[in-house]
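Novice: Mind looking over this structure? Questions follow.
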Amino acid sequence: MERVKSLITESVIQEYQDNGAVCIRQLLNHDEIELLRQGVEQNLRHPSARFKIASRDDDTGKFVEDFCTWQDNPDYKRFIYQSPCAQVAGLLMKSSTSRLYHDHLLVKEANTKQITPWHQDQPYYNIDGFQTCSFWIPIDPVSRSSTLEFISGSHRNSRWLMPRTFMNMEAKWFPEGTLDEIPNIDEDRQAYPIIGWDIQPGDVVAFHMLTLHGARGTIGNENRRRVFSVRFLGDDVTHAPRTWVTSPDFSDIKDEIPAGGPMDHPRFPIIWKT
Ligand SMILES: O=C(O)CCC(=O)C(=O)O
């Protein structure tokens, strides 16, 4: 694809490798954003059994999430197979293949107080490996104050930090005390290399599954913030079945993929290869 050639330069790939997050301006065209808009609306009209409300009842807005609906959502499916994202993920990960892991819907209505606490994604997952890439794709304009932020270079540490539930900060995945805690970044923001971008539809943010990231609410913003996320795995990623319920929950297929083997399964198709 011409736009992939012109936008994904060696320096963009290096930025991804060094910082663990990169913003690619206008990677997506109008038709691709429209496809996502239809897909998101269909998803919100027909939420899956995995749909959840991630904000409190007394919030002035609302934060909702859904997961793994691409097989029932023709617009998501078309986007995943036909947009440049899988190829871009492959280039950023320096992988010869790009395998779909899952899709994730994240909608914050205008004036949502609920923050997304700082976290890494991989400790919630059922995978091992380093070649990973998630896309965070807003279909509404997002201001710098409500955008997803990253601690530049934090993926390189490759140390897993304690995953907790977003609302009650419970340790549901690893027992208390078994992993280091995420520092209180917002207490001393100057001490961290925080990066983040305001977004116009068409822009995408790609990030590594070990990069520390978080977002504020949408307080003071008139926009709702509808985000479609699609996540890809590269050559070195293997299945790591857990004794706990991962997020998203893949326990129904736990025994269908050998532990330590590639994620070969119809739920995780290879979308792009060199
Ligand atoms: O959209 C958000 O607020 C959080 C996104 C996030 O944590 C993710 O995509 O992994």
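The values are calculated or read from the model by the stated rules, or taken from the named source; none is laboratory data. Remember, predicted model here, so these are calculated numbers, not experimental data. For accessibility, only protein heavy atoms count, side chains too; no ligands or nucleic acids. Shrake-Rupley method; radii C 1.70, N 1.55, O 1.52, S 1.80 Å.
Novice: Not counting ligands, DNA or RNA, and with a 1.4 Å probe, what is residue 62's accessible surface area in Å² rounded to the nearest 10?
Specialist: 90 Å²
Novice: Would you list which aspartates and glutamates come within 18 Å of residue 172, measuring only between C-alpha atoms, while excluding same-chain residues fewer than 8 positions from it?
Specialist: Cross-link targets: 121, 180, 181, 249.
Novice: Could you name the lysines in cross-link range of residue 113, using Cα to Cα under 23 Å and dropping any fewer than eight places away on the same chain?
Specialist: 52, 62
Novice: Residue 94: which lysines have alpha carbons under 27 Å from its alpha carbon, excluding same-chain residues fewer than 8 sequence positions away?
Specialist: The reachable lysines, counting only those whose Cα sits under 27 Å from residue 94, are 5, 77, 273.
Novice: Now for a different question. How high is the relative contact order of the chain, given as a whole-number percent (alpha carbon pairs under 8 Å, six or more residues apart)? Spell out each step's value before the answer.
Specialist: Details: 594 pairs, mean separation 83.8, N = 274.
Once divided by the residue count of the chain, the mean separation gives 31 percent.
Novice: Ignoring ligands and nucleic acids, what accessible area does residue 219 show with a 1.4 Å probe (Å², nearest 10)?
Specialist: My reading of the accessible area for residue 219 is about 100 Å².
Novice: Can you say what percent of the DSSP beta bridges in the range 2-273, counting only those with both residues inside, are antiparallel? Round to 5. Numbers along the way, then the final one.
Specialist: On the way: 44 of 46 bridges.
If I count the DSSP bridges inside the range 2-273, around 95 percent turn out antiparallel.
Novice: Whose amide H sits under 5 Å from the amide H of residue 235, counting only residues 5 or more places off or on another chain, with H placed in the peptide plane?
Specialist: Under 5 Å from the amide H of residue 235: 96, 97.
Novice: Also: Rounded if a/c is under 1.5, else prolate if a/b is larger than b/c, else oblate: which is the range 2-273, with a ≥ b ≥ c the root eigenvalues of its Cα gyration tensor?
Specialist: Values: a/c = 1.16, a/b = 1.03, b/c = 1.12.
Rounded shape, in that the Cα axes give a/c under 1.5.
Novice: I want to verify the translational diffusion coefficient of the range 1-85 in µm²/s; compute it with Stokes-Einstein, Rh as the Kirkwood radius over Cα pairs, at 4 °C and 1.567 mPa s. Can you show the working numbers first?
Specialist: On the way: Rh = 15.4 Å.
Once the numbers are plugged in, D ends up at 84 µm²/s.
Novice: State the percent of C-alpha pairs, over all pairs in the range 130-274, separated by a distance greater than 25 angstrom.
Specialist: On the way: 4213 of 10440 pairs.
Roughly 40 percent, rounded to a whole number.
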